[in-house]
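Read through the structure below, which is laid out as structure tokens, and then see the notes.
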Amino acid sequence: MEILSDDQAAVYGVFAGPPSAAELDKFFLLDDADRELVRGRRGGANRLGFAVQLGTVRFLGTFLADPLAVPASVAEYVARQLAPKRTRPRRKAEGKWLNAKVRRSACSQKCQMSGTRPTATAKYSRTRGRPSFQ
């Protein structure tokens, strides 16, 4: 006695096609508990694979025999949820170059106020970012 017909067995445990937007939201949306589970995995590829399999088990009711047989829309949907939120991109002018400009301008202002010229002996305090003249 067979439990599944041949047609049912052919589509069991595989994606018959890409899921709809409603199905993506229902089965592949990660809540806080899911994100906590995913965070415990090492490496971005492992986190993505784990999260995709988590949604796949919900959607299909079983793990995939071939974990790479996932529609691209599923992987992209899950990857967007795992991507870090950036407030704005960092520009090259920021960082050490900008800090060096600030330190140089602070040195110049201090020298202008004291009526002296900057010399090679000016040192910068690493903890406060202010020039100290010795």
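The values are calculated or read from the model by the stated rules, or taken from the named source; none is laboratory data. All values reported here derive from a predicted model rather than from experimental measurement. Glycine gets a Cβ as well: all are built from the backbone with ideal geometry, and neighbour counts include every protein chain shown.
Would you confirm whether any residue within segment 58-65 is over 16 Å from the mean Cα position of the chain (by Cα), modelled with pLDDT under 85, part of a loop (DSSP other than H, G, I, E, B) and loosely packed, with under 12 Cβ neighbours inside 10 Å? Looking for residues that are over 16 Å from the mean Cα position of the chain (by Cα), modelled with pLDDT under 85, part of a loop (DSSP other than H, G, I, E, B) and loosely packed, with under 12 Cβ neighbours inside 10 Å, one finds at least one in segment 58-65, hence yes.
For segment 13-23, what are the residues that are surrounded by 12 or more Cβ atoms within 10 Å (Cβ to Cβ) and at negative phi?
Val14, Phe15, Pro18, Pro19, Glu23
Taken over segment 66-78, residues that are exposed (fewer than 15 other Cβ atoms within 10 Å of the Cβ), part of a helix (DSSP H, G or I) and aliphatic (A, V, I, L, M) amount to 1. Given the criteria within 21 Å of Thr62 (Cβ to Cβ) and in a helix (DSSP H, G or I), does Phe15 qualify? It is false that Phe15 is within 21 Å of Thr62 (Cβ to Cβ) and in a helix (DSSP H, G or I).
If I ask for residues that are outside any loop (DSSP other than H, G, I, E, B) and either surrounded by fewer than 16 Cβ atoms within 10 Å (Cβ to Cβ) or of a type in the set (Val, Ile, Thr) (or both), which ones from segment 24-49 would you list?
Selection gives Asp25, Lys26, Asp32, Ala33, Arg35, Glu36, Leu37, Val38, Arg39, Gly44, Ala45, Asn46.
Residues of segment 19-36 that are of a type outside the set (D, E, K, R) and either closer than 13 Å to Val78 by Cβ or touching a Cys at 6+ places or on another chain (Cβ under 9 Å) (or both): Pro19, Leu24, Phe27, Phe28, Leu29, Leu30.
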